[in-house]
Each structure stands twice: as C-alpha cells, then as structure tokens.
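What follows draws every value from the coordinates through simple rules; no lab data is involved. Keep in mind that what you see is a predicted model, and the values were worked out from it rather than measured. Heads up, the Cβs are rebuilt from the backbone with ideal geometry, glycines too, and the neighbour counts pull from every protein chain shown.
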Amino acid sequence: MKTNATAINMAKINQGILGGFLGRVGNVVGSAWKGKAIIRSRALHIHDPKTPKQLLARQRFAMLQNLAALVGTANIRAGFKSRARHMTEVNYFVKKNYDAITGSELDNLAVSYADVLMAEGSLPGLVLRGPVTSDDPGSAHIAWVNNAGQAEASDADVVRILAVDPEQELTAVFSANRSVGSVDLDLPSFMTGHAVHFYLYCIGVDGFKISDSVYAGKVTIS
C-alpha cells in the first residue's frame, strides 16, 4: 500500500509553551529580532491593484530609501542611535523624514532638504549665526552660538557636520567642538562647483546623548 508523504512544519520552542518559537507552523512564522520574539503570519494572497495612491506611496518610500543611501548607514546610526527603539536607525530615519518628500502627484515628488532631519535627541543643539557661505575656493564657513552651560551642553561636545551633495550622491563628514563657535571646512575637491547642503548636530561628551540636527543651508562651493 502506497501512501503520500505529508509535509510537517516544525518550530522550536525555547522557553516553554508560553515562550517565543523559531520556525514555521502553518501560516505562522516565529523569529527573533534584537532579542525579542516575533510572530507573524504569511500572506495567503497578495492584493496589488496599483492604485495611484499606492504608487505615490511607493515612489515616496523609494525616494526615502535613496535619501538614506545618500546619507549613509553609519551616519544615520550615529544621528539616531539614542532614539530608534524596536526598529533600525535607518527605518527610524525614513519614518522621521516622510514629510521631507514634498509633492502630491506621481513623478512630481521632490526632497525638501531644508526639512530633512539628520539626528534627533534631547541634548541642546546649535543656534546658527547665519547660513553657510563659500567665499574661498573649496571651502565652506559655518558659525554658531556657543551655548555651553545650557542644560547638559558642554564645551567639549562634538559638533558633527554633514555635507550632502545630492548631484554626485556623496556625503562628507566633519567634526569640531561646540566651544569653537565656527568652522572653515576644507571640502573635497570634487565638490567644487556643486550645490551642497549642510547639517549640524551635537554629540555629548558621554558619546550617547544627541541633539536635533539643524540645517545650515545650501551653497555652491567656490
């Protein structure tokens, strides 16, 4: 007598009947992420009508993913490590910058770089003395108020500066101390003649506390 083999889905339960499990049982999949047990169901059918609203949301999400790639994973992790909870820093970046993609029609969306957030936290941030300028060849000048002593702000806080060149899809990173009050950045030669956006935020002396980023403006590098 011949019998047909029956597929058996098996999962491993590590902490008893009430614990999380790894593997698949029917349409339920158990996994772990960042030390937490995750249980999800598998989709039986994919409903993909491609409505204009859905296509617009997908294009917006694709632009946010491209923006994240431009900024760089390491820079995003540095800017959001104190705030991202139960999600990656990159996903948190995408969530916080959803409204930085402007427009309401397909293929007519744009990144509002002035509204992009590069870091978020409770540390007092910087108050700029004006927009970024580029008067000397290959350089950019940015000045800010030294507000050390405000709450937990310190002279020794690190000011992290991001120079974002969307046209060439490049981001350069610089550092200074809050106490210096201004910087003259020696930019990479390949940024000369290109429009570059500048963002600044502070990292506390403990290396963990972060301030919100501020947008210093866009300037074409001399």
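Points worth noting:
- Residue within segment 85-100 that is surrounded by 14 or more Cβ atoms within 10 Å (Cβ to Cβ), part of a strand (DSSP E or B), within 17 Å of the chain's Cα centre (by Cα) and aliphatic (A, V, I, L, M) present: no
- When I221, I203 are screened for being under 18 Å from L117 (Cβ atoms), touching a residue at least 60 places away in the same chain (Cβ under 8 Å) and surrounded by 21 or more Cβ atoms within 10 Å (Cβ to Cβ), only I203 passes.
- Subset of segment 117-167 [touching a helix residue (DSSP H, G or I) at 6+ places or on another chain (Cβ under 6 Å) and crowded, with 22+ Cβ neighbours inside 10 Å]: M118, A119, D157, V159
- Taking residues in segment 84-108 that are farther than 19 Å from A74 by Cβ, and partners anywhere that are part of a helix (DSSP H, G or I), the pairs with Cβ atoms closer than 6 Å and at least 6 places apart or on different chains are A100/D115; I101/R60; I101/M63; L106/L55; L106/L56.
- Matching residues in segment 163-214 - criterion: being touching a Gly at 6+ places or on another chain (Cβ under 9 Å) and polar (S, T, N, Q): T171, S189, T192, S211, S213
- Of all the criteria given as (1) more than 14 Å from M118 (Cα to Cα); (2) of a type in the set (A, V, I, L, M); (3) surrounded by fewer than 16 Cβ atoms within 10 Å (Cβ to Cβ), the one not satisfied by V173 is (1).
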